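Enquirer: A single structure is presented below for examination.
The values are calculated or read from the model by the stated rules, or taken from the named source; none is laboratory data. Computed from a predicted structure; not experimentally measured. Please note: Cβ atoms are built from the backbone with ideal geometry, for glycine as well, and neighbour counts cover all protein chains shown. The accessibility values were calculated without ligands, DNA or RNA, using every heavy atom of the protein model including side chains. Shrake-Rupley method; radii C 1.70, N 1.55, O 1.52, S 1.80 Å.
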Amino acid sequence: MDFNKLDKNTKQELHSLFTEYSEIVGGQNSFLKMIEEIRDIKPSPLLNKSGAFHTSKIKVSLSKSIYKETFSTLFDAIRREEKTSDMLDGIEPKKYKETMNMMKTLKSVIINFEVKNEEGKSFSFPILDTSEEKKTKVTFSFKAIFFYNLNEAKKVLNYNE
């Protein structure tokens, strides 16, 4: 997804959301540094059995741990969603079943970002947006932090009407 191709209202909503996230973390630079640190952890920190990991300023925890198969199915679904705007569009039956199982598993997973050394400062978001029936999508926040190029997060933070 290219941030520049989104409609004005969506851009404004995402800008407000990411500005809020960056203020909680300690500013835009801290927020971008957090994203870089998350990306530098290999293998992906989302696969930790404990469902938690740390950056220099943030403790990140998942409401449920994610297994490698679910994780790879999620990333395949994101790629498909980017191409066709639908995770399930035109996939073979076996992949369809895997994707549906991944969606069932991840629909209730919330990722929580808690600032270390500051009581109560945190933000969270779900991996999947299930607000529209039959139109489940991966949230932009998840994709921007764990999947997209860092420039997408920069575009969102620097957006001006």
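Enquirer: Looking at the structure I just gave you, is residue 72 outside any helix (DSSP H, G or I) and not aliphatic (A, V, I, L, M)?
Expert: Values: outside any helix (DSSP H, G or I): no; not aliphatic (A, V, I, L, M): yes.
No: the conditions fail for residue 72.
Enquirer: Only residues in the range 1-23 that are within 22 Å of residue 113 (Cα to Cα) count as the first member; pair them with residues that are not in a helix (DSSP H, G or I), Cβ under 6 angstrom, at least 6 apart or cross-chain, and list the lot.
Expert: Filtered contacts from the range 1-23: 15/159; 21/123.
Enquirer: Same structure, new question: Out of the range 140-161, which residues are open to solvent by 20 Å² or more (accessible area, probe 1.4 Å), in contact with a Phe, Trp or Tyr (Cβ under 9 Å, 6 or more places away or on another chain) and either of a type in the set (Gly, Ala, Ser) or in a loop (DSSP other than H, G, I, E, B) (or both)?
Expert: 147, 159 - these are the residues of the range 140-161 that are open to solvent by 20 Å² or more (accessible area, probe 1.4 Å), in contact with a Phe, Trp or Tyr (Cβ under 9 Å, 6 or more places away or on another chain) and either of a type in the set (Gly, Ala, Ser) or in a loop (DSSP other than H, G, I, E, B) (or both).
Enquirer: In the range 87-136, how many are within 21 Å of residue 20 (Cβ to Cβ), open to solvent by 70 Å² or more (accessible area, probe 1.4 Å) and either in contact with a helix residue (DSSP H, G or I) (Cβ under 6 Å, 6 or more places away or on another chain) or of a type in the set (S, T, N, Q) (or both)?
Expert: The number of residues fulfilling the criteria is 3.
Enquirer: Quick check on my filter: what residues within the range 24-53 are touching a residue at least 40 places away in the same chain (Cβ under 8 Å) and either open to solvent by 40 Å² or more (accessible area, probe 1.4 Å) or in a loop (DSSP other than H, G, I, E, B) (or both)?
Expert: Answer for the range 24-53, where residues must be touching a residue at least 40 places away in the same chain (Cβ under 8 Å) and either open to solvent by 40 Å² or more (accessible area, probe 1.4 Å) or in a loop (DSSP other than H, G, I, E, B) (or both): 26, 28, 36, 39, 44.
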